[in-house]
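> Could you have a look at this structure, given as structure tokens, before my questions?
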Amino acid sequence: MNIPAIKGIIDRRILINFTVDPGIITQIVPLPFRAKTYQGKAIVGICLIRLRKIRPRGLPGLISLSSENAAHRIAIEWMENGETREGVFIPRRDTSSKINSLVGGRIFPGIHHHAEFDVQEGNGLYQVAFKSSDGTTLSIKAEKTPEFGADSIFKTIENASQFFQGGAIGYSPSGQHFEGLELKTYHWKVEPLSVSQVQSSFFEDEAVFPKGSIQFDNALLMTQLQATQTATCGNTEEQFKTSLSD
């Protein structure tokens with residue numbers, strides 16, 4: 001399936017990041033992927049992103065979409081042509097846009113669940129919540145802070161920034177396919193956020209993440225970024241394994 005290259009503006013992007021035992025991730029992430037680790041921990045998280053003026057490349061800004069979106073992500077690695085590549089596996093996507101949910105897999109990669117978002121922002125404060133059509137819920141409260149979290153395994157915001165900048169390629173399940181997307185952001189810059197509350201029914205599913213196995217680590221903020229996204233792969237699972245595995 002050919003997904004067109006699209007462009008637009010990332011108005012706001014929040015990354016809420018957690019650590020998990022890598023053994024749990026092997027039960028979630030399909031081959032040929034494996035968990036990308038840091039200090040012996042797998043890294044998973046939630047990307048809360050507001051997109052504006054999203055459209056296939058070549059169309060004017062007047063013909064565009066804007067939406068609130070959430071992606072539950074897992075940092076991954078895989079072998080391709082004898083080299084280690086890195087990115088994210090995205091088992092779940094949610095969107096405020098009914099159009100996005102209808103065209104997922106055609107214009108946007110992967111299945112998009114339609115959700116009602118409640119967003120409140122101002123004076124450095126961010127509150128984002130949603131409830132999806134299948135009952136999945138999420139809510140976060142955060143605010144800008146000058147200091148990166150001292151308890152994070154990354155220790156410095158520079159270490160965290162470098163780790164997450166490598167996750168530009170994302171793969172999403174779509175039926176019997178994996179649909180890949182490379183998101184290119186220009187003038188990459190992250191700021192630390194202090195999180196006072198975070199809830200995700202996806203990460204709270206103890207059948208997948210046993211109680212106590214997932215721990216909040218840090219949160220990052222990005223704003224006002226020009227971005228383009230380009231499809232990288234749309235093969236069946238078996239074809240995907242053949243094309244990426246050594």
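> When the residues of the stretch 114-171 are filtered to those that are part of a helix (DSSP H, G or I) and among the aromatic types (Phe, Trp, Tyr), which remaining residue is farthest from the chain's Cα centre (by Cα)? Lay out the reasoning, then the answer.
As a first pass, look at the stretch 114-171 and keep what is part of a helix (DSSP H, G or I): 157-165.
Restricting the remaining residues to those that are among the aromatic types (Phe, Trp, Tyr) gives 163-164.
Numbers: PHE163: 14, PHE164: 10 Å.
Among residues in the stretch 114-171 that are part of a helix (DSSP H, G or I) and among the aromatic types (Phe, Trp, Tyr), the one farthest from the chain's Cα centre (by Cα) is PHE163.
> Can you name the residue in the stretch 65-84 that is over 17 Å from the mean Cα position of the chain (by Cα) and either assigned to a loop (DSSP other than H, G, I, E, B) or modelled with pLDDT of 90 or more (or both) and, of all such residues, is surrounded by the fewest Cβ atoms within 10 Å (Cβ to Cβ)? It would help to see each step written out before you state the result.
Restricting attention to the stretch 65-84, the residues satisfying the condition of being over 17 Å from the mean Cα position of the chain (by Cα) are 65-66, 78-84.
Then drop every residue that is not either assigned to a loop (DSSP other than H, G, I, E, B) or modelled with pLDDT of 90 or more (or both), which leaves 78-79, 81-84.
Numbers: TRP78: 23, MET79: 14, ASN81: 8, GLY82: 6, GLU83: 8, THR84: 10.
Result: GLY82.
> Quick test for you: out of GLN199, GLN215, GLN239, pick the one residue that is open to solvent by 60 Å² or more (accessible area, probe 1.4 Å), modelled with pLDDT of 95 or more and not in a loop (DSSP other than H, G, I, E, B).
GLN215
> Take the conditions open to solvent by less than 10 Å² (accessible area, probe 1.4 Å) and either under 17 Å from the mean Cα position of the chain (by Cα) or modelled with pLDDT of 95 or more (or both) and apply them to GLY40. Does it pass?
In short, no.
> For ALA150, work out the one condition from (1) open to solvent by less than 40 Å² (accessible area, probe 1.4 Å); (2) under 14 Å from PRO192 (Cα atoms) it doesn't fulfil.
With (1) open to solvent by less than 40 Å² (accessible area, probe 1.4 Å); (2) under 14 Å from PRO192 (Cα atoms) applied to ALA150, the lone miss is (1).
> Out of the stretch 10-37, which residues are touching a residue at least 24 places away in the same chain (Cβ under 8 Å), over 25 Å from VAL128 (Cβ atoms) and of a type outside the set (Val, Ile, Thr)?
Selection gives ASP21, GLN27, PRO30, LEU31, PRO32, PHE33, ARG34, ALA35, LYS36.
> Can I ask one more? Could you give every pair whose Cβ atoms fall below 8 Å, whose first residue belongs to the stretch 81-96 and is over 15 Å from TYR171 (Cα atoms), and whose second residue is open to solvent by 50 Å² or more (accessible area, probe 1.4 Å) and not in a strand (DSSP E or B), counting only separations of at least 6 or pairs across chains?
Pairs that qualify, where the first residue is over 15 Å from TYR171 (Cα atoms) and the partner is open to solvent by 50 Å² or more (accessible area, probe 1.4 Å) and not in a strand (DSSP E or B), are GLY82/ASP246.
> Looking only at residues in the stretch 179-196 that are polar (S, T, N, Q) and under 18 Å from GLY149 (Cβ atoms), which one is least open to solvent (accessible area, probe 1.4 Å)?
SER194
> Say whether the condition of being at pLDDT below 95 and either at positive phi or aromatic (Phe, Trp, Tyr) (or both) is met by at least one residue in the stretch 128-142.
Within the stretch 128-142, not a single residue is at pLDDT below 95 and either at positive phi or aromatic (Phe, Trp, Tyr) (or both).
> Right, something else. Consider only pairs whose beta carbons are under 6 Å apart and that are at least six residues apart or on different chains; among these, list those whose first residue lies in the stretch 143-163 and is touching a residue at least 24 places away in the same chain (Cβ under 8 Å) and more than 26 Å from GLU121 (Cα to Cα) and whose second residue is open to solvent by 40 Å² or more (accessible area, probe 1.4 Å) and in a loop (DSSP other than H, G, I, E, B).
Close Cβ pairs (under 6 Å, with a partner that is open to solvent by 40 Å² or more (accessible area, probe 1.4 Å) and in a loop (DSSP other than H, G, I, E, B)) amount to ILE153/GLN39.
> OK, next. Which count do you get for residues in the stretch 202-212 that are within 18 Å of the chain's Cα centre (by Cα) and open to solvent by 40 Å² or more (accessible area, probe 1.4 Å)?
So the count comes out to 2.
The values are calculated or read from the model by the stated rules, or taken from the named source; none is laboratory data. All values reported here derive from a predicted model rather than from experimental measurement. Positions of Cβ are generated from backbone atoms using ideal geometry, with glycine treated the same way; all protein chains shown enter the neighbour counts. Just the protein is used for accessible areas: all its heavy atoms, side chains included, with ligands, DNA and RNA removed. Shrake-Rupley method; radii C 1.70, N 1.55, O 1.52, S 1.80 Å.
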